[in-house]
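The values are calculated or read from the model by the stated rules, or taken from the named source; none is laboratory data. Please read all numbers here as calculations on a predicted model, not as lab measurements. Glycine also receives a Cβ, built like all others from the backbone with ideal geometry; neighbour counts cover every protein chain displayed. The area values use the complete protein model at the heavy-atom level, side chains included, leaving out ligands, DNA and RNA. Shrake-Rupley method; radii C 1.70, N 1.55, O 1.52, S 1.80 Å.
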Amino acid sequence: MSLLSKLIILLFVIAIVLGEEREDDVLVLKKSDFDQEIATYKFVLVEFYAPWCGHCKALTPEYAKAAKQLLEEKSEIQLAKVDATVETELAEKYNVKGYPTIKFFRNGEPIDYTGGRTAKDIVNWLKKKTGPPAVTLSAVDEALKFKDSQDVVVIGFFKDPESKLAKEYLDAAFTIDDQPFGITSDENVYKEFKVEKDTIILFKKFDEGKNEFDGEITQDNIKKFIKTNSLPLVIEFSQDNAQKIFGGDIKLHNLLFVSKKSEDFDEIFKKYHNVAKDFKNKVLFVFINSDEEDHEKIIEFFGIKKAEQPTLRLIKLDGGMLKYKPEADGFSEENTRTFVNGVLDGKIKQHLLSQDLPDDWDKHPVKVLVNKNFDEIAFDKTKDVIVEFYAPWCGHCKKLVPIYDELGEKYKDRDDIVIAKMDATANELEHTKIQSFPTIKLYKKETNEAVEYHGERTFEELKNFIDSGGKEKVEKEPEEEPKEPDSKKDEL
């Protein structure tokens, strides 16, 4: 038995004697024993959670699975958890703002956990942070076992492991947590993989099976090569891989909304995959399973009805979340290819959400605006038009309703003043982006200048703002961000 194994067994014996608490191989920490446990173990990953948190609940089985794997491997790494709603002093000390917050303690010093939410991702991240950046592969059987160990692995082939190029490779490996890295200088391994010169190969269990690096071996080029090739041509969206999707270098994403339960899903996926090949490294192809309850808000954000599916939307992440909708109805390879090329060529314009214009939109003192009638009403140069951009779920907006209705009554007989409102979650404007709710803007007659209101949301202050042509300003009140609120802390 090795010295390390004896030490680990000794630590567990001590833990039992001291009454250390565990659930599913995960340490349960409290304020009373937190510092002691962190000092006992060299490496500890700590999850600060809330019992009601949905993301925490989803993480629980993966976290336990990772803990069990590390325990079976006799690893020095421990996984622990803290109920931050009970241990509030610990939560405050470690700056817990949302759930789950995960911290990694190395010799008692914490850093933020930046890995994924699956057991595999957790273990990979921890091993990268506690061991060498790349595993040395000294024999063919080691290399083959390593190659087949995960869906994506990277092997660097360097005859001289101390060379400048090998150092660039190891530096890149140290910064990437998602994939395991190996390095070899063994001649037999070179022969097994039919490698004749120093190179880097990414092996994967999907698409083309492997990608060989081609270019100048630098840390930045290696990182770009791995980011580009480690995702499938078509990737399914989930909370676990959201960071991989949105954190990548490709900022143009083609989204397919489809039910995986549909009879023709396999055929649809095959066609979508075929088109994805044409746009590799240019557009990321993603599909979103509309059967998932967690995806309802995403579908709502894009204004997609169930009857429309399967359907596509393309988003540009650079310069804001610009959305594009196919001009042709129905899903096919031809329509998909035409749609993506149309966006790339600038032939398809940005898609903006709009509700249908209600028949009674102007029958009440407060006029109802949607995307389709906004410019006509708000930019009428014969009138001062004040518009409240609201969200149906916004608490401040609900509180404002009776005050705003009173404003409508006050000015309903004025030909030169319009009181209006627009649901900004269901209607988008190319020229105006709303960052918080409610946002109130006065569009001045003659010039159409938009003046945002920052005063108190009282009848008198709003009346003064209107009567002065947007000149009265007082202290700004807190605003609600444009997201659905939660009475509990945000879940990260």
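Please work out the FRET efficiency for the pair residue 112 and residue 446, using the Cβ-Cβ distance as r and a Förster radius of 41 Å; give the result to the nearest 0.05. Write out the running numbers ahead of the final one.
On the way: r = 53 Å, r/R0 = 1.29.
With a Förster radius of 41 Å, E is 0.20.
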(request) Quick one: check the C-alpha center-to-center distance for region 190-217 versus region 84-105, whole angstrom. (result) 42 Å
(message) In Å and on Cα atoms, what radius of gyration and Dmax does region 219-374 show?
(response) 17.6, 64
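Roughly what percent of Cα-Cα pairs across the chain reach past 43 Å? Walk me through the intermediate numbers first.
Working: 42369 of 120786 pairs.
Within the chain, distances greater than 43 Å cover 35 percent of Cα pairs.
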(message) I want to check the label-to-label distance for residue 334 and residue 88. Put each point 7 Å from Cα in the C-beta direction and report it in nm to one decimal.
(response) 6.5 nm
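If each residue of separation counts as 0.36 nm, what is the full-extension length gain between residue 208 and residue 308 once their alpha-carbon separation is subtracted? Walk me through the intermediate numbers first.
On the way: separation 100, 0.36 × 100 = 36.00 nm, distance 3.23 nm.
So the extension gain works out to 32.8 nm.
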(message) Binning at 10 angstrom from zero up to the longest distance, how are the C-alpha pair distances of region 300-361 distributed in percent?
(response) 19, 48, 26, 7, 0
(request) With a 1.4 Å probe and every protein chain left in place, tell me how much accessible area residue 317 has, in Å² to the nearest 10. (result) 40 Å²
(request) Rank these residues by their accessible area, most exposed first, probe 1.4 Å: 175, 228. (result) 175, 228
(request) Would you check the accessible area of residue 416, probe 1.4 Å, heavy atoms only, in square angstrom rounded to 10? (result) 40 Å²
(request) Run the quick spin-label model on residue 260 and residue 95: label points 7 Å from Cα toward the beta carbon, then report their separation in nm to one decimal. (result) 3.7 nm
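At a Förster distance of 45 Å, what's the computed FRET efficiency of residue 433 paired with residue 270, Cβ-Cβ distance as r, to 0.05? Don't skip to the end; give the middle numbers.
Numbers: r = 38 Å, r/R0 = 0.84.
Efficiency, from the Cβ-Cβ distance: 0.75.
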(request) Compare 204, 159 by solvent-accessible area with a 1.4 Å probe and give them largest first, with all protein chains kept in place. (result) 159, 204
(request) Only helical DSSP H runs with n ≥ 4 go in: add -39500 (n - 2.57) per run for the chain, normalise by residue count and round the 222 nm mean residue ellipticity to 500 deg cm²/dmol. (result) -10000 deg cm²/dmol
(message) Eigenvalues of the Cα gyration tensor times 5, then square-rooted: what semi-axes does that give for region 284-416, in whole angstrom, largest first?
(response) 37, 19, 13
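With an 8 Å Cα cut-off and a minimum separation of 6 or more residues, compute the relative contact order for region 333-452 in percent.
Working: 183 pairs, mean separation 38.9, N = 120.
Once divided by the residue count of region 333-452, the mean separation gives 32 percent.
With r as the distance between the Cβ atoms of residue 321 and residue 415 and R0 = 56 Å, compute the FRET efficiency 1/(1 + (r/R0)^6) and round to 0.05.
Rounded to the nearest 0.05, the efficiency is 0.90.
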(request) Quick one: order 117, 106 from most to least accessible surface, probe 1.4 Å. (result) 106, 117
(request) Work out how much length residue 192 to residue 347 would gain on full extension: take 0.36 nm times their residue separation and subtract the Cα-Cα distance, in nm to one decimal. (result) 50.8 nm
(request) Kindly give the semi-axes, whole Å and largest first, of the ellipsoid equivalent to region 58-136, taking each as the square root of 5 times a Cα gyration tensor eigenvalue. (result) 23, 15, 11
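If you average the sequence gap of Cα pairs under 8 Å that are 6 or more apart and divide by the length of the chain, what percent do you get for the contact order?
Details: 780 pairs, mean separation 46.6, N = 492.
In percent, rounded to a whole number, it is 9.
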(request) Would you mind working out the magnitude of the charge dipole of the chain relative to its Cα centre, with +1 at each Lys and Arg C-beta and -1 at each Asp and Glu C-beta, to the nearest 20 Debye? (result) 860 debye
(message) If you split all Cα-Cα distances of region 108-218 into 5 Å bins from zero, what percentages do you get per bin, shortest first?
(response) 2, 12, 22, 25, 20, 11, 6, 2, 1, 0
(request) Quick one: go through region 443-470 and flag any residue whose amide nitrogen is under 15 Å from the point 7 Å out along the Cα-to-Cβ line of residue 381. (result) 444-450
(request) Please work out the Cα center distance from region 337-375 to region 382-437, rounded to the nearest Å. (result) 18 Å
(message) If I stretch the segment between residue 357 and residue 175 completely, what's the gain in nm (0.36 nm per residue apart, minus their alpha carbon distance), one decimal?
(response) 60.3 nm
